[in-house]
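Below is one structure, written out as structure tokens, with a few remarks after it.
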Amino acid sequence: MAKNKKQKKGLSDAVNKKKSSQNKFSAGPKKQNPFEVHVNREKFEILGRKSNHSRGLPGASRAKAFNRRKDTLGQEFLLKDKANKFIDRRITGNDESAAMARFTSEKMLQFTSQRKDRFNLNDDEILTHKGQTLADIEQFHNEASDDDLENDEELNENFTEAAHFGGGGEDMDRKSAIDEMIAEAKRKKAEAAKDKEEVHQLTDNLDAQYKLMASLMGKLTKNDDEVRPKADDYDRAMREMIFEPKGSVADKLESAEEIAEKERARLQKLEQERLARMRGEDPNAKKQQTHRSADALDDDFYFGGDDEEEEPNILAYGLDGQREAPKAVEEEEEEGSDLGDDLNGEDEEAEDGEEEEEGDDESEEDGTDDEDNLSDLKDSDSEKEESGDENESTENKVNLNLNKMTEEEESSDLPFTYEMPGKYEDFVKLVQNQSPSRQGIIIERVIKCNHPKLDGNNREKMLKLFTYLLQYINDLFSEPSEDELTTAFKVLDKLMPHLFDLIQIGSEKMSLCLIEVIKEKHRDFKKNPKNFPELDTLVFFKIVSNLCSTSDFRHNVVSPCFIFISHILSKVQPKTRSDIACGLFLVTLVLEYTMESKRFLPSALNYLLGIVHMSIPKRPIEVLKIIPPFSSTGVMSKLLAIGDLPKNEKFPEELLTSADLVSTFITTDFKIRALNTSLRLIGDFLENLKENVGTNFLADPFLEMFERLNLDVYPEYVQKSATRAKDILKAVSEKPLKKLVPPPSKPKMIQFLEPMIEKVSDDKRRPKLTKAKEERAKLVHKIRRETKGAIREIRRDTQFVQSIRHKSQMAG
């Protein structure tokens, strides 16, 4: 019966559980209490407007707000004026879970402490095992204790009976037995220590012998019959990478300041050596201090007496200006010794010092100039010789030897360090009467000794040096003769690299200095615009082309020079040989200016056309049109025309020379060279401009002039230049022109016009406002509404806090 009751009770519980679950899932949404719903009724219904607040639940909203304040303001109020809190982290309880939790926390603490001390290098903890440190155990020493040594015989039957019970023989008492036992123990200890030491000694010997035989044992056990597999590409690459030599540590790269400092130190050292050689000292010889007593009489001093055995060597020079071997050396060579070469090598510096001293004395006596042109050798030769012809031949040979001097020999007597000259006159004294290569070396050493990397104040010195060089070049090219002009161009060639280095140091200030020079030259040209400017003006155009970027579309220095050249070529009529040469020089510079940018200067092409026009012979009534500054009639229209060349005279192919820039007389040779240069320039210009649009219009005037030019009277190289120019002109003139076509226009899109909707308000309560005022009114309304809501929330928060404070006071 009890069993049936239990079964019925289980069935009833299952049925009730099933019903409760069905009721739970079948119940719909909770119905709202109609008394809790608040309806916000509107006076008017507006079509298209959605009302989100038509119905509300004030009670639910109030409960949400209360819970939110309880979780925020309530918690903050409870924690107010409380700086800390106490948390009990102990694990209490006696059950199995609590014990397991305590064990786990202890393990975690140990683990975290081990993690902290894992990489601690200052850990002094010593680990032990059975009372011994691990360091001692790892040595594998089997230290035997005293107990082990005496374990067998320390307490035998005889010793026990004699020591403890008074037994033993009649002759041995207790004291003697103990003494005997102690002596026996000491003896055994000594024997054990000796055996142990012998064992250690034998072990060390065996270890040493095993190390020696280990390599041999490895080779003996190797199986020679095994076939090694062939190495593939991967193995070879791996071995190459393993045995590849590793890169060694190199010196760090030196900065610009360190390089400049090393260069200055090197020059100072060379200057000290040069001064030492000038004084007749050996710069590499170490000074040997010999001991001299206080009462030394200097008996070994040589007074230059009549001692024939110690006759000094006499310095002598032959008629060819070469040094002859000393007499004493010749005598020794006759005796079979080779000391002559040694004397020449060792006394060379001392002899050079004697030569300079002799030259200075003789120059003071004769009143000659101070230039070091080996005048001392010439004077010494003239004193030894009697005839004047022999003296002249010697001087000529010495001059020939001077002309063959290399650059190193020329710079051997120059100082290695120079101070920056304070005035231009000092700078001129420094470089004048020097060869062009020596001038370049002097300027290079001045720059290195006063480089801005050594001192920041040296930048102003470099600017001053740049102005000195410009003024010096201006002086070189002002009214020079033919020989002086050749030397001036050589000097310019040596100074140009240093000008480029200087302008890189301070490009802005030095460019301003260069443009001021161009402005000054242009003002001088405006005073006399009908004549070509002097060479001291034209040379600066060449300097600009080497120092500045001529391919820029607009450049502060190049563009004014370009315009200046255009004014010269378009306004000045060439009348003399120098005018024509200067014009062709400027046209060459224009070609150099425009080589990269592919631009052209109309006045330059017109000048070349004018040169061809002046080379055409014309009758008095014949007129060929030409653009000024060239004249179509008169003597100037056929200034370069040639009738018939003499048959016996030959004219080799040459270009214009520096002498043409200063000469005024026009020769037949100059006419040929001027026309040949012009034809080559025409070909180069058109070759450079052939890709431009409209160049065929530039080629037509030249082709018309070439038809009138009689090339049969000119040499063959002129005819070749004319043929090349004609081919280029024809190719350019026949190039088809591309018609100007407007760019394809995209179809216009249909304009989408938005309707202009104006808001009309007939509300009498609110007057019609502008758009700006209406936006402002809306913003003010929003601000007022948000302010009112914020004040309401603050009031409710304060009320909530006061209620909590009141409850706490009442409870306390």
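The slack between residue 103 and residue 772, meaning 0.36 nm per residue of separation minus the straight C-alpha distance, is 233.3 nm. Once the chain from residue 632 to residue 508 is taken as fully extended at 0.36 nm per residue, the excess over their C-alpha distance is 40.0 nm. Modelled label positions at residue 531 and residue 179, each set 7 Å beyond Cα in the direction of Cβ, lie 14.4 nm from each other.
Taking 0.36 nm per residue of separation and subtracting the current Cα-Cα distance, fully stretching the chain between residue 276 and residue 208 would add 17.9 nm. Applying both filters, DSSP loop and at most 10 other Cβ atoms within 10 Å, to the trypsin sites (Lys or Arg not before Pro) of the stretch 76-106 gives 80, 82, 85, 89, 90.
Computed on the Cα trace of the stretch 459-509, the radius of gyration divided by the Kirkwood hydrodynamic radius gives Rg/Rh = 1.05. Here the Debye sum runs over all C-alpha atoms of the stretch 584-640 as equal scatterers in vacuum, and log10 of I(q)/I(0) at q = 0.14, 0.25, 0.26 Å⁻¹ comes out as -0.44, -0.93, -0.98.
Using equal-weight Cα scatterers in the Debye expression, the normalised intensity of the stretch 412-468 in log10 at q = 0.25 Å⁻¹ is -1.08. Net charge of the neighbourhood of residue 666, taken over other residues with C-beta under 15 Å away and scored Lys/Arg +1, Asp/Glu -1, is +2. Normalised by residue count, the stretch 465-572 yields a Cα convex hull volume of 101 Å³ per residue. When you filter the chymotrypsin sites (Phe, Trp or Tyr not before Pro) in the stretch 68-114 for DSSP loop state and at most 15 other Cβ atoms inside 10 Å of their Cβ, you are left with 86. Would you mind getting me the FRET efficiency between residue 186 and residue 87? Use the beta-carbon distance for r and R0 = 56 Å, nearest 0.05. Once rounded, the FRET efficiency stands at 0.20.
Computed over protein heavy atoms with a 1.4 Å probe, the accessible surface of the stretch 525-677 works out to 46 Å² per residue. Here r is the Cβ-Cβ distance between residue 555 and residue 730 and R0 is 30 Å; the resulting FRET efficiency, rounded to 0.05, is 0.30. Counting protein heavy atoms only, the stretch 720-812 has 59 percent of its accessible area on carbon and sulfur, 1.4 angstrom probe. Here is the list for the stretch 418-461: trypsin sites (Lys or Arg not before Pro) lying in DSSP coil, each with at most 10 other C-beta atoms within 10 angstrom of its C-beta, are 423. With both labels modelled 7 Å from their Cα along Cα-to-Cβ, the residue 592 to residue 55 distance reads 9.8 nm. The modelled label-to-label distance for the pair residue 599/residue 571, using points 7 Å beyond Cα in the direction of Cβ, is 2.0 nm.
The values are calculated or read from the model by the stated rules, or taken from the named source; none is laboratory data. Keep in mind that this is a model prediction, so the values were computed, not measured. Every residue, glycine among them, receives a Cβ derived from its backbone with ideal geometry; neighbour counts consider all protein chains shown. These accessible areas exclude ligands, DNA and RNA; they are computed on the full protein's heavy atoms, side chains included. Shrake-Rupley method; radii C 1.70, N 1.55, O 1.52, S 1.80 Å.
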